[in-house]
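This report concerns only the one structure given below.
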Amino acid sequence: MIENRLDVRGAAHLRALWAEDRPAFGLWSLLTDPVVAELVATTDLDFAVVDLQHGFATFGELPTLLQAMRAGRMAPLVRVPWNEPAAIMRAADSGAAGVVVPMVDSAAGAAAAVSACRFPPTGSRSWGPMWGGVRADGAPAPEPANAAMLCFVMVETQAGIDALDEIVAVPGVDGVFVGPNDLALSCGFGRSTYRDSVGVTRLLDRVIAACVAGGVVPGLFCSDAEMARHWARRGARLVSAGVDTGLLRAGADALAVELGRPA
């Protein structure tokens, strides 16, 4: 019922795009207002990520934000603060269609993230569906819930690059998502980007190639549409193309310019 309707742009929607080797484009959400969350979810983009690591939201706001996004016909992803079972399970219970897990730099770390995403016997997720007594269709059974949940691990350190082939081989890892800023910093490129560093470009290409070889989805945080299109052409398939705070600021600045005010 409600879960099936709202999964039009959730995990099933994303997997359908990837089955056709098409990129999914989405937004990064830092704000805590449920009205903003619903607005984000009513766009024609493919996904949104609620950021609990570097955004303003906490686990206290998360159920309301996810509920608002689902009202907008999108089942969102959540970047958890860290690779901790309690954080991953809480995001899943709150209604995330998948999790993005930061700073995974080993196969063991990837396996721990996968285990926290899924109920036994596949994983170690604790049974306690938050919305089971609220929604008319109740809680999903463990097996369908396991199959639906997406687990993206973030490779954003030199150690993660060194262990990349082992990470993509971990059963249950759906994809690798790159935080290009942390990756560049960790690998000695400072704040350089692909636009001014061949070394950064090679790092990102290395991740995409490893994901393709390993049969998992390559993802990338992009700062703008041009960057998102560029890396989609090079093989990225879960691609954020903007941040809610930045889009709000850009829209306000553009309006000021139209009205003759300095940006």
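Comparing 239, 36, 168 in a Gaussian network model of the chain where C-alpha atoms under 10 Å apart are linked, the largest mean-square fluctuation is found at 36. Roughly how many percent of the accessible protein surface of the chain is carbon and sulfur, given a 1.4 Å probe and a whole-percent answer? Of all accessible area on the chain, carbon and sulfur atoms account for 59 percent. Can you bin segment 119-263 into rounded, prolate or oblate? Criterion: square roots of the alpha carbon gyration tensor eigenvalues sorted a ≥ b ≥ c, rounded for a/c under 1.5, prolate for a/b above b/c, oblate for the rest. Since a/c reaches 1.5 but b/c is at least a/b, the shape of segment 119-263 is classed as oblate. Structure remark: mean-square fluctuation, Gaussian network model of the chain, C-alpha springs under 10 Å; the largest value among 75, 184, 110 belongs to 184. Surface exposure of the chain, expressed per residue as accessible area with a 1.4 Å probe, stands at 44 Å².
Note on the chain: helix-only mean residue ellipticity at 222 nm, from DSSP H runs of 4+ residues weighted -39500 (n - 2.57) and normalised by residue number, equals -12500 deg cm²/dmol.
The values are calculated or read from the model by the stated rules, or taken from the named source; none is laboratory data. Keep in mind it's a predicted model, so treat the numbers as computed, not measured. Surface areas here come from the heavy atoms of the whole protein model, side chains and all, with no ligands, DNA or RNA. Shrake-Rupley method; radii C 1.70, N 1.55, O 1.52, S 1.80 Å.
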